[in-house]
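Input: a single structure, listed below in structure tokens.
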Amino acid sequence: MKLWRIASLSLFVFALVGAGCSSKSDGALEKVASTESDVTHVASESGRLLIVGGALRSDNKDVYRAFIESIPPQLPSVAIVPAASGRPAHYAQQFADDLRHFGFAGDIRVLPIAVKDDASTESVDESLWRDGGNDAVLAEALADVGGIWFVGGDQTRITGTLLGPDGEDGPVLAAIRAQLSRGAVVGGTSAGAAIMSKTMIAAGDSLSALTLPSVEVYAGMDSQESGQLLLARGLGFLPFGVVDQHFDRKARLGRLIRALGFSSDAASQVGYGVDEDTALLVNLENKTMKVLGAGNLVVADGRTAQFAPEDGAFAAEGLRLSVLSAGDTLAWETGKVTISGSETPGNEAFGYHATQGAGIALANQRLDHLLGFSLLDNREVRELRRYAFNDETGQGVLFQFQQTEQSRGFWRYGSGTKDQYSIVDVALDVVPVAVTVTPASS
């Protein structure tokens, strides 16, 4: 039987230096610079953030209560920013209804900031709200707001309505920052999560991000599902790390890793991938984040990783990967994590030869299951290899996960008898491969 314990660890980083890799790419730095403004903003050192990975269920009590309980009593109102959505009124009302269901009794207002008309509101054309972020009167009316919520949709609509042409804050965004510094909570789901970091992932799927060049022009929302990587400027509420969302369902590990190689700034070399129906509750004052909800937080650390030059096929060596689950906390300045559960190394529940390869027929497709069941809780395996490739072009990558002396795994029961794993410091290399698929002869 496994013993329960509380673990306080640090996410240590070790570099694996390989031939043909350089530390960072100058060309990539120029591309990131082209998406960022010279305007700088001092991140708030007070207030909270609630960063939701999308597909938030209306019955996710932990997440809704975290938002409500983070609203300061002296700032009793909530403002909803529906700009990202193609149905702004509908999704703003849905969030308001969910807040009421979980007991919020204060004033809720929907800010007139949007770019798409909502067909469900015949008397209002929300597409006329494009300039709402520049409304100084609206900004002044946020003085009593202690909770700000960004609905999901297209994150470029949020930045497009709240940032000025030179990247400066519009009046409403400046007011939101002021409320955050007064102790308010700023939250958002999906697109509302993507905007939280200074570097924003605007588009791209993982395989394209790893096998094709990045782009500088946004091709629309479809490019978020199948397209090349595009980085843009986010709103920078979170002072450390790059946020990605829908992480588990949309297999976004690859594009998050690719994004880390575009900066020499340590704050943009750590990525936070948030699963659906899952949230990070961030305390800006003590610089910690806590995982809430059904899924996981994936922390990809590229600060000492080696990335291949921009003009060649993408490769990375020495990435460090951690997977945190509900209740786990991370202090981003020190790298310390606090995890409940029993350690798996030396106390493994399994001992089997895990199949190396790719495809839907392999077990443990989720990252927490793969690194938990198949690696850290399996005494027979120290390395796992998973492939992803395009069967038309043959372009692909090998994800090589390695258990090292620094790697730690923790197991506990979640709800009922659900196995819940937390993983700290698994080494990851990403290697370009060419794949040919040939039917077996009859």
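Of the residues Y218, G357, N134, the one whose Cα sits farthest towards the positive end of the charge dipole of the chain is G357 (charges of +1 on Lys and Arg Cβ, -1 on Asp and Glu Cβ, taken about the Cα centre). Specify which residue in the list Q403, G192, P309 is farthest towards the positive end of the charge dipole of the chain, using unit charges on the beta carbon of Lys, Arg (+1) and Asp, Glu (-1), about the Cα centre. Projecting each Cα onto the dipole axis, the largest value belongs to Q403. For the chain, the share of DSSP beta bridges that are antiparallel, to the nearest 5, is 75%.
Helix 26-35 against the longest principal axis of the chain: what's the angle in degrees, Cα atoms only, rounded to the nearest 10? Tilt relative to the chain: about 20 degrees. Every Cα-Cα pair of segment 354-434 was included, and the share exceeding 14 Å stands at 64 percent.
For S127 and R65, the FRET efficiency from 1/(1 + (r/R0)^6), where r spans their Cβ atoms and R0 equals 35 Å, is about 0.55. Per residue, the convex hull spanned by the Cα atoms of segment 113-202 amounts to 108 cubic angstrom. Note on the chain: helix-only mean residue ellipticity at 222 nm, from DSSP H runs of 4+ residues weighted -39500 (n - 2.57) and normalised by residue number, equals -5000 deg cm²/dmol.
Taking 0.36 nm per residue of separation and subtracting the Cα-Cα distance, full extension of the segment from S342 to S46 would add 103.2 nm.
Can you figure out the FRET efficiency of S415 with E140, using R₀ = 41 Å and their beta-carbon distance, to the nearest 0.05? If you can, show how the numbers build up before the last one.
On the way: r = 45 Å, r/R0 = 1.09.
Here the calculated transfer efficiency is 0.35.
Calculated on the Cα set of segment 97-166, radius of gyration then Dmax: 13.6, 41 Å. Calculated from the structure at hand, Kirkwood radius over Cα pairs in Å is found among (1) 22.4; (2) 30.0; (3) 23.2 as (1). Which FRET efficiency, nearest 0.05, do F350 and E225 yield, Cβ-Cβ r, R0 25 Å? The pair F350/E225 has a calculated efficiency of 0.10.
Rounded to the nearest whole Hz, the Karplus-based 3J(HN,Hα) values (6.51 cos²θ - 1.76 cosθ + 1.60, θ = phi - 60°) of segment 354-367 follow the sequence 6, 5, 8, x, 8, x, 6, 7, 8, 6, 6, 6, 5, 5, with x at glycine and proline. Between the Cα long axis of helix 88-101 and the first principal axis of the chain there is an angle of about 80°, rounded to the nearest 10.
Of K116/K250; K61/K250; K198/K290; K250/K287; K198/K418, which pairs sit farther than 31 Å apart, going by alpha carbon to alpha carbon? Result: K198/K418 exceed 31 Å.
Every number here is computed from the coordinates shown, using simple stated rules; none is lab data. A quick note: this is a predicted structure, and the numbers were derived from the prediction, not measured. Backbone-built Cβ (ideal geometry, glycine too); neighbour counts: all protein chains shown.
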